[in-house]
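The values are calculated or read from the model by the stated rules, or taken from the named source; none is laboratory data. This is a predicted model, so every value here is computed, not measured. When we count neighbours, we look across all protein chains shown, and the Cβ atoms used for this are built from the backbone with ideal geometry, even at glycine. To get the accessible areas, we keep the full protein, side chains included, count just its heavy atoms, and leave off ligands, DNA and RNA. Shrake-Rupley method; radii C 1.70, N 1.55, O 1.52, S 1.80 Å.
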Amino acid sequence: MDTEIKSKRPKLNVFFYYTAVFLMPSILLFYLYNNNRVQNRIYFEHILLLAGIFAIVGLLIYMLLKFISKTAEGALLLSICFWLFFWFFRDLYSVTVHYAPVITQAGFVIILCSGIIFAALLLLYHKPRLIKLHSVFLALSVSLVLMFIFNFIPGVSFNIMLYRARAENEDRGNEALSALIKQDFILDKGLPKPDIYWVHMDGMMSLETVEHHWGELQDYVREALVQREFVIYSNSILYGGYTFASSAALFSPAFYDSFLNKHLADVKMELREDKNEYIVGKLAQIGLTIDDVILSYELFEALAIVGYEIEIIGDTYDVFLRRKEQSEDYLTDDWSIAKFGALPELLALTTPLNSQSTSQGEVSGIFHLIGGARHTPRFTLMMISDAHAGSFYLYEPDMSWHDGLSAVHIYPFAHKQAVHSMFDYVDNIFAVNPNAVIILQSDHGFHSGVTQRHLLDTGYELDEVLELNHSVFSATYIPAKYGGVSEPIAPLNISRVLVNRFVGENYILLDN
């Protein structure tokens, strides 16, 4: 009977069955890559390696299920179920644990795998003639192969463009980098070298924007900052729109002047995703990646040249820590970079894999490191993410993450928490290092695609959405012994002022 069944199954079906189960596990892997390669800096080589592992696992699972069920078509269906369970594990588990809170993740994995094996045994027992539907299964397997190709091609095309551009540049982008990013600095050994703290206020809007859009008076914030001798840059705007573009504009003035300013102007009226893709594409055309730019942030480079230690606390600028591999004296850090970039974290969020990338320690634990007597100055970059749209759901426990991104009315609560955390940081710094320079600077406002589309869908005009995206908070404290701050410093001038005052006269200030 088995021989008869096999003879009725076209060889073309067998070919596409095996091709589908070989490629199918990586459909969502490459989808994940295409949607996260920019902001999470996932490496294509790592994706290819993981895809190869998934392909082998998928083939073995198919062969096992085929052996148990004695039907190729049934094994194909069960293989699809297995990988759907794998990729949507988090959502499935969230629904299940809502009704059965005693079930652990490990227990849920066992239940799912047992269910698939049980289904394979049912197929064996009932012996359904699925082969009669061989044309349907051929169409299904071909569709899976096409889905893989559809998700595979964009990543391949992007990386081919990048590698070709690098091949044309014999120094692997160094010529392009040197033409865009300042690497040689005028040094003045007579300048002071105070400790500098740059507090990254992720996603925090200007005080004026909060007052205008939510009616929340911010005089108490202004008064507290003035009391601490900060100078606020009111109605501050930064057209980066998302963290990388904004940070590159803030930390690399020459790069902003030579490259970023022009290209950001081209997409000034675009939403975050389009800005993101456009800027990354323009970099790739000259053989550069986001990592190349981050590794060469001009402010960090200039301060390091004159003896500053660079300490980064937070995950937004983690790639810069790779400089530690090049020079042990260049910077300090307390945690390591995951070998696969952000991929382990992304997989952990969507699959049963729990290999989370290493995260930073609590910020409150750093103050014993940044105070006290030291012979070398230090630049410390710290992050406060309380105002970021992604943290909204913390204020309404029943709200899902994506609902939180759209809940614009909750922003004032997030803003208040960010202000509270900001003053905790500032007061801790003053307590251990009263003569330090302190920069309070955010990078963007609402920038999540979910939030921006929600605003457009609820009647906001595009210019209003972009105003909420480009609005940033900015305040500066420089002790009088280091020249003080006579007037507000625009965000794009902060790094210029710091380098000019504490490294050497290297930049012309932009008009405010």
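Do you know which residues across region 190-231 are open to solvent by 40 Å² or more (accessible area, probe 1.4 Å), without any contact (Cβ under 8 Å) to a residue 12 or more places away in the chain and either over 17 Å from ALA480 (Cα atoms) or within 30 Å of the chain's Cα centre (by Cα) (or both)? Within region 190-231, GLY190, GLU211, HIS212, GLY215, LEU217, ASP219, TYR220, GLU223 meet the criteria.
Among the residues making up region 228-249, none is at pLDDT 95 or above and in a helix (DSSP H, G or I). ALA490 passes every criterion in (1) closer than 23 Å to LEU191 by Cβ; (2) surrounded by fewer than 20 Cβ atoms within 10 Å (Cβ to Cβ); (3) over 28 Å from the mean Cα position of the chain (by Cα) apart from (3). Among the residues of region 232-249, the one identified as on the phi > 0 side of the Ramachandran plot and either open to solvent by 10 Å² or more (accessible area, probe 1.4 Å) or of a type in the set (Ser, Thr, Tyr) (or both) is ASN235.
Just checking, does region 141-155 include any residue being at pLDDT below 90 and of a type outside the set (Asp, Glu)? Yes; the residues of region 141-155 include at least one that is at pLDDT below 90 and of a type outside the set (Asp, Glu).
All told, LYS324 falls short of being open to solvent by 30 Å² or more (accessible area, probe 1.4 Å), at pLDDT 65 or above and not hydrophobic (A, V, I, L, M, F, W, C).
Taken over region 457-487, residues that are touching a residue at least 40 places away in the same chain (Cβ under 8 Å), under 22 Å from LYS189 (Cβ atoms) and of a type outside the set (Val, Ile, Thr) amount to 3.
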